[in-house]
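Sending over a structure as structure tokens; questions will come in a sec.
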Amino acid sequence: MSSSIAHAIQTLEELLKGLDQAYWEANSLDRKDFFYDLISALHAELSELNKLSVQDHHLEYESVTEEFRAARPKLSRLRKLVDDFALRSTTAVRLENLINQTLVLMGRPSGLL
């Protein structure tokens, strides 16, 4: 299943908000660094996607930056450890859902990770 660039932007922006919330809830520098790395990769990807013309937003999404593609293992790890990494239950549930959507966007069904 493919997604449009517009759908990808919406999903990635929501994930960015969820990661930002988890960053501020984190109680150690290691966790904050972990979240910050993912946030940086998302910023890079969204920055490139936002350079596209609005007329192109209906096209099929494909990951643009190497930094974001390299973040896939970290997203998978976070999905498995989300209850340990996100202190609030609502943040953990939101992140798990958004990470699953993002991994599907990146081209690999979330159940295979």
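Within the bounds of region 6-27, is there any residue that is small (Gly, Ala, Ser), open to solvent by 60 Å² or more (accessible area, probe 1.4 Å) and assigned to a helix (DSSP H, G or I)?
No; the residues of region 6-27 include none that is small (Gly, Ala, Ser), open to solvent by 60 Å² or more (accessible area, probe 1.4 Å) and assigned to a helix (DSSP H, G or I).
Consider region 60-100. How many of its residues are part of a helix (DSSP H, G or I), more than 15 Å from ALA22 (Cβ to Cβ) and either touching an Asp or Glu at 6+ places or on another chain (Cβ under 8 Å) or of a type in the set (Ser, Thr, Tyr) (or both)?
Looking only at that region, the number is 3.
Considering only residues that are of a type in the set (Asp, Glu) and over 18 Å from PHE85 (Cα atoms), look in region 19-64 and name the one that is nearest to the chain's Cα centre (by Cα). Give the derivation first.
Initially, region 19-64 is screened for residues of a type in the set (Asp, Glu), giving 20, 25, 30, 33, 37, 45, 48, 56, 60, 62.
Now drop any that are not over 18 Å from PHE85 (Cα atoms), which leaves 45, 48, 56, 60, 62.
On the way: GLU45: 10, GLU48: 15, ASP56: 21, GLU60: 18, GLU62: 14 Å.
Looking at residues that are of a type in the set (Asp, Glu) and over 18 Å from PHE85 (Cα atoms), I get GLU45.
Hey, any hits in region 59-74 for a residue that's touching a strand residue (DSSP E or B) at 6+ places or on another chain (Cβ under 8 Å) and of a type outside the set (A, V, I, L, M)?
Yes, region 59-74 has at least one match.
Kindly indicate whether LYS80 is farther than 20 Å from ALA6 by Cβ and within 15 Å of the chain's Cα centre (by Cα).
Spelling it out, LYS80 is indeed farther than 20 Å from ALA6 by Cβ and within 15 Å of the chain's Cα centre (by Cα).
From the list HIS57, HIS43, which residue is in contact (Cβ under 8 Å) with a residue 40 or more places away in the chain and closer than 20 Å to SER3 by Cα? Explain how you work it out, then say what you get.
Details: HIS43 fails: in contact (Cβ under 8 Å) with a residue 40 or more places away in the chain.
Answer to the check: HIS57.
With respect to the numbered conditions (1) open to solvent by less than 20 Å² (accessible area, probe 1.4 Å); (2) at pLDDT 95 or above; (3) in contact with a Ser or Thr (Cβ under 8 Å, 6 or more places away or on another chain), which one is the sole condition not fulfilled by LEU103?
(2)
Kindly list the number of the only condition in (1) touching a residue at least 60 places away in the same chain (Cβ under 8 Å); (2) outside any helix (DSSP H, G or I); (3) not aliphatic (A, V, I, L, M) that fails for LYS51.
(1)
The values are calculated or read from the model by the stated rules, or taken from the named source; none is laboratory data. Model, not experiment: these values are computed from the prediction. Neighbour counts run over all protein chains shown; Cβ positions are idealised from the backbone, glycine included. Side chains included, ligands, DNA and RNA excluded: accessible areas come from the protein's heavy atoms. Shrake-Rupley method; radii C 1.70, N 1.55, O 1.52, S 1.80 Å.
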